[in-house]
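Have a look at the structure below before the remarks.
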Amino acid sequence: MEMDERFKDKWYLVKYKFFSNPFYKDFDVYDSSNNVVFTARMNALNPVTRDIVVYEVNKARSEILLISGKHFIRWPNNFEMTSIATREKIGTFRNGPAGWAVLDEYGRQVAILKRIEDPSGAIMYQIRMDSTSVCEYRFINIITPVIMIDFPDESIFSKKMGIGLALVLGYQSVAFNYTYQGW
């Protein structure tokens with residue numbers, strides 16, 4: 001489990017920064033106290049790489065996580081998440097015919113992302129380990145993506161991985177102009 005204080009909250013909010021640098025797609029990650037804890041950025045002009053860099057807030061150029069797209073020309077099928085400080089692989093997100101799978105650092109599938117029905121009509125997803133929900137995503141605003149991430153009280157799922165997958169989904173919704181429903 002994470003020992004980092006920034007990963008101790010029960011829920012997080014990922015917001016797309018619509019009015020930001022046009023050469024990048026930027027997202028802010030808020031904690032449960034509504035403080036920005038991370039900023040994430042992807043180069044919008046580079047068609048070959050789809051790398052998302054997660055920065056620590058209030059420290060210029062202090063990269064903490066790298067989420068690398070492992071396929072080019074079209075949208076990647078695999079995103080590998082690495083800690084920049086330790087250079088250790090944290091895990092992988094794989095998009096396949098059955099949906100998104102979450103793999104651990106050794107490449108073993110540990111969870112899967114499933115769309116769930118919400119009575120309010122909101123777009124909702126759960127990360128499930130076996131039959132247990134370990135993380136939930138709720139898309140609050142589909143025009144400029146706002147994703148609420150909720151971890152159950154006793155979640156055994158990595159919050160770094162939960163936030164990382166939310167960023168991938170957020171970037172994917174922006175890249176496909178909000179029309180792609182294959183997540």
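Read-outs: derived from the displayed coordinates by stated rules, not from any lab. Everything quoted here is computed from the prediction, not taken from an experiment. Using ideal geometry, Cβ is built from the backbone for each residue, glycine included, and neighbour counts are taken over all protein chains shown.
What to note about this one:
- Restricting the GluC sites (Glu not before Pro) of region 81-144 to loop positions (DSSP other than H, G, I, E, B) with no more than 11 neighbouring Cβ atoms within 10 Å leaves GLU88, GLU117.
- Straight Cα distances below 23 angstrom link LYS8 to the lysines LYS59, LYS89, LYS159, LYS160, with same-chain residues fewer than 8 positions distant left out.
- Less than 5 angstrom separates the built amide H of ILE84 from those of LEU65, LEU66, all sequence-distant by 5 or more or on a different chain.
- Reducing region 101-159 and region 1-36 to their Cα centroids gives an inter-centroid distance of 16 Å.
- Simple label model, 7 Å out from Cα along Cβ direction - ARG115 to GLU56, nm: 3.9 nm
- Whole-Hz couplings from phi, Karplus 6.51/-1.76/1.60, listed for region 114-130; x for Gly and Pro: 10, 6, 10, 7, 10, x, 7, x, 6, 7, 10, 9, 10, 8, 10, 10, 6
- Stretchable slack from GLU5 to ASP28, in nm (0.36 nm times residue separation minus alpha-carbon distance): 6.5 nm
- Among the chymotrypsin sites (Phe, Trp or Tyr not before Pro) found in region 86-139, those both in a DSSP coil and sparsely packed, with 16 or fewer other Cβ atoms within 10 Å of their Cβ, are TYR106.
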